[in-house]
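The values are calculated or read from the model by the stated rules, or taken from the named source; none is laboratory data. Since we're looking at a predicted model, the values are computed, not measured. Heads up, the Cβs are rebuilt from the backbone with ideal geometry, glycines too, and the neighbour counts pull from every protein chain shown. Just the protein is used for accessible areas: all its heavy atoms, side chains included, with ligands, DNA and RNA removed. Shrake-Rupley method; radii C 1.70, N 1.55, O 1.52, S 1.80 Å.
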Amino acid sequence: MTDIDFRTEPSRYRHWSLAVDGARATLTLDVQEDGGLFEGYELKLNSYDLGVDIELADAVQRLRFEHPEVAVVVLRSAKDRVFCAGANIRMLGGASHGHKVNFCKFTNETRNTIEEASQESGQSYLCAVNGTAAGGGYELALAADHILLVDDGSAAVSLPEVPLLAVLPGTGGLTRLVDKRKVRRDLADVFSTTEEGVRGKRAVDWRLVDEVAPNSVFEEAIANRADALAEGRTRPLTGSGIALTPLERSIEGDRIAYDCVVAEIDRRLGVAEIVIQGPKTAPPEDAAAMHAAGVAFWPLALIRALDDLLLHLRFNQPEIGCLVIKSEGMPEAVAAYDAFLQAHSEDWLGHEVLLAWRRVMKRLDLTARSLFALVEPGSCFVGFLAEVLFAADRSYMLLGQFEGDNRPPATLQLSALNFGAFPMVNGLSRLETRFLGEPESVTAAEGQIGQALDADAALMAGLVTYAPDDIDWEEEIRLLLEERASFSPDALTGMEANLRFAGPETMESKIFARLTAWQNWIFQRPNAVGEAGALRLYGSGARPTFDKERT
């Protein structure tokens with residue numbers, strides 16, 4: 001099978017079109033039926049597959065960086081009386097289990113990015129539902145700040161997955177109903193088991209949508225609501241946005257290389273060794289120079305490369321179960337960029353770069369892979385880059401030097417950005433999550449901001465797991481990777497997901513930890529995907545046969 005490529009841009013879109021008019025942008029969905037990512041299904045009624053969502057994710061990212069002047073984004077359909085029929089059922093029925101789960105995870109990450117754009121970037125989203133919005137189509141609407149439904153007697157919103165397919169709404173629908181839109185639990189139960197959905201005034205009364213408008217004034221209502229959402233949302237600019245030019249990547253055998261990230265795959269152990277390369281130049285002199293640098297600005301270049309690599313490994317290398325992450329570079333250079341980002345966090349571009357790093361770190365947290373970080377001489381885990389250490393399941397830091405290596409012993413360094421700038425899906429920083437129940441450890445770590453901590457100091461502060469010396473280093477890492485490779489990937493995935501997200505639950509953590517976990521299980525059950533399962537038989541006219549035993 002051809003690798004899935006997550007790199008795209010508007011001129012290559014097949015299913016979405018993006019138009020910008022001053023402070024308003026319009027994202028129009030017009031899915032091409034023959035434009036599926038794989039063979040064997042047609043994308044009818046604006047139903048979507050991963051290819052459709054890859055374009056949406058790209059567009060949302062571009063609106064943040066290329067069009068910071070945009071204050072409101074209108075999501076709408078180009079098809080008459082149909083907004084979106086949701087994830088394509090034929091695609092789901094024929095997809096592998098892993099693809100179904102990863103597809104749902106990616107769509108959830110994209111919808112979370114839409115919500116973050118409103119909360120953090122001053123870009124509100126308005127969903128104009130001109131007809132049927134079923135399943136994932138309604139879940140797309142749920143990600144918006146405001147849902148406007150046409151009141152024509154037939155247009156409805158629905159989540160029909162339970163009665164029709166024996167699966168769950170896979171893109172956060174159940175969670176957003178009750179947590180975000182505050183739909184009453186009993187009404188949510190009725191709604192989620194009603195195939196035909198809810199329309200008109202009842203949809204407003206149940207809080208499923210925010211307002212309805214008859215066909216005759218629907219366009220006027222869209223314009224009025226968009227203007228209202230845009231009021232006061234445009235942020236001050238110092239110039240135009242930056243172009244997200246094509247991301248350069250080379251794949252040669254088991255080596256994947258970008259300008260500042262390189263990965264080497266060891267298929268015997270199922271390991272991808274990822275090396276993050278530090279900056280080769282000093283940070284820009286000022287915000288204007290950062291804008292002029294655009295995608296060449298080192299933190300942004302790193303973000304784009306690491307994000308693409310994580311998605312490539314997730315979808316195209318499912319048997320690579322362990323990521324070992326290292327860094328190479330001058331700690332002083334990374335510290336200078338960290339300080340620059342702090343100093344320019346109020347600049348819209350600096351702000352977006354910090355938010356983009358937050359999203360990439362969440363993508364790393366949610367990666368169904370074992371994560372290990374190695375801190376060796378020549379490493380540059382400083383400030384925001386040190387977040388990688390705290391995302392890892394374990395971190396190993398060399399005590400002293402390797403024999404014959406003249407480089408000074410490894411150090412790591414904290415900055416103010418490690419204390420709240422990059423919350424996990426549980427709403428806590430990685431250090432707060434690491435030291436849950438030990439607030440004094442967080443306070444002590446904060447007192448060491450700016451200090452170059454050697455292995456002894458880092459171990460004493462609880463910032464790394466182990467600090468072997470050079471005699472034990474190679475053997476320790478070898479045993480670690482061989483042991484990990486001997487365990488069940490299923491058990492590891494469950495264990496890691498449970499241990500990574502200690503502390504409180506948020507809507508975001510529920511979507512990934514609760515909803516995705518249940519969907520993962522349901523996607524393997526015969527009631528959904530067996531020969532007589534609902535997902536397999538949908539559209540055939542045959543009724544599914546359910547095993548009635550509850551587990």
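Provide the net charge surrounding Met397, with neighbours chosen by a C-beta distance below 10 Å and charges set as Lys +1, Arg +1, Asp -1, Glu -1. Numbers along the way, then the final one.
Values: positive: none; negative: Glu376, Asp454, Asp456.
Around Met397, the charge tally is -3.
Mind ranking 206-213, 244-251 by how tightly packed they are, going by the mean number of other C-beta atoms within 10 angstrom, highest first?
Details: 206-213: 20.0, 244-251: 13.1.
Descending packing order for the listed peptides: 206-213, 244-251.
Name the helices (complete DSSP H segments) of the chain with a Cα length along the long axis of 20 Å or more and a Kyte-Doolittle mean of at least 1.0, or state none. Can you show the working numbers first?
Working: long enough: 50-65 (23 Å, 0.46); 97-121 (35 Å, -1.29); 298-316 (26 Å, 0.65); 348-365 (26 Å, -0.14); 470-486 (25 Å, -0.76).
Qualifying helices: none.
If ligands, DNA and RNA are left out, what is the accessible area of Trp298 with a 1.4 Å probe, given in Å² to the nearest 10?
That residue has around 20 Å² of solvent-accessible surface.
Given segment 351-488, what percent of its DSSP beta bridges are antiparallel, to the nearest 5?
Numbers: 1 of 8 bridges.
The answer is about 10 percent antiparallel.
Ordered by packing density, taken as the mean number of other Cβ atoms within 10 Å over each peptide's residues, highest first, how do 145-155, 171-181 rank? Please report the intermediate quantities before stating the final value.
Working: 145-155: 20.4, 171-181: 21.9.
Listed from highest to lowest mean packing, they are 171-181, 145-155.
With the contact rule set at Cα under 8 Å and sequence spacing of 6 or more, what percent relative contact order holds for segment 115-269?
Numbers: 218 pairs, mean separation 33.0, N = 155.
Contact order relative to length: 21 percent.
When the Cα centres of segment 469-545 and segment 1-71 are compared, how far apart do they sit, in Å?
Here the answer is 28 Å between Cα centres.
Of the beta bridges DSSP finds with both residues in the chain, what % are antiparallel, to the nearest 5? Display every interim value, and only then the final one.
Working: 21 of 61 bridges.
Counting only bridges with both partners in the chain, antiparallel ones make up about 35 percent.
Can you tally the net charge around Val382? Count Lys and Arg as +1, Asp and Glu as -1, for every other residue whose Cβ sits under 11 Å from the Cβ of Val382.
So the environment of Val382 carries a net charge of -3.
Which pairs break 19 Å Cα to Cα here: Lys105/Lys510; Lys44/Lys180; Lys362/Lys510; Lys44/Lys201? Write out the running numbers ahead of the final one.
Working: Lys105/Lys510 12 Å; Lys44/Lys180 29 Å; Lys362/Lys510 14 Å; Lys44/Lys201 28 Å.
Flagged as over cut-off: Lys44/Lys180; Lys44/Lys201.
When ligands, DNA and RNA are left out and all protein chains stay put, how many square angstrom of accessible area per residue does the chain have with a 1.4 Å probe? Each step should come with its number before you reach the end.
Details: 23220 Å² over 551 residues.
Per-residue accessible area for the chain comes out at 42 Å².
Taking the structure as given and computing Cα Rg over 2.2 N^0.38 Å, which label from (i) 0.99; (ii) 1.04; (iii) 1.22 fits?
(i)
If we count every other residue with Cβ under 10 angstrom of Leu142's Cβ, Lys/Arg +1 and Asp/Glu -1, where does the sum land?
Values: positive: Arg111, Arg176, Lys180, Arg181; negative: Glu115, Glu139.
Within the 10 Å Cβ shell, the charges total +2.
Stretched out fully, how many nm does the piece from Lys182 to Glu328 gain, at 0.36 nm a residue minus the Cα gap? Let's see the in-between values first.
Values: separation 146, 0.36 × 146 = 52.56 nm, distance 4.75 nm.
That works out to 47.8 nm of additional length.
What does the highest-first list of 55-62, 134-141, 534-541, 484-491 look like by mean Cβ count within 10 Å? Show your work: numbers first, answer last.
Working: 55-62: 21.0, 134-141: 28.4, 534-541: 15.5, 484-491: 12.5.
By packing density, highest mean first, the sequence is 134-141, 55-62, 534-541, 484-491.
Rounded to a whole number, what % of the accessible area of the chain do carbon and sulfur atoms account for, probe 1.4 Å? Write out the running numbers ahead of the final one.
Details: 11590 of 23220 Å².
The nonpolar share, carbon plus sulfur, comes to 50 percent.
For segment 449-549, compute Rh as the Kirkwood radius over C-alpha pairs and then the Stokes-Einstein diffusion coefficient at 25 °C and 0.890 mPa s; write the answer in µm²/s, rounded to an integer. Before the final figure, lay out the partial values.
On the way: Rh = 18.4 Å.
Stokes-Einstein gives a translational diffusion coefficient of 133 µm²/s.
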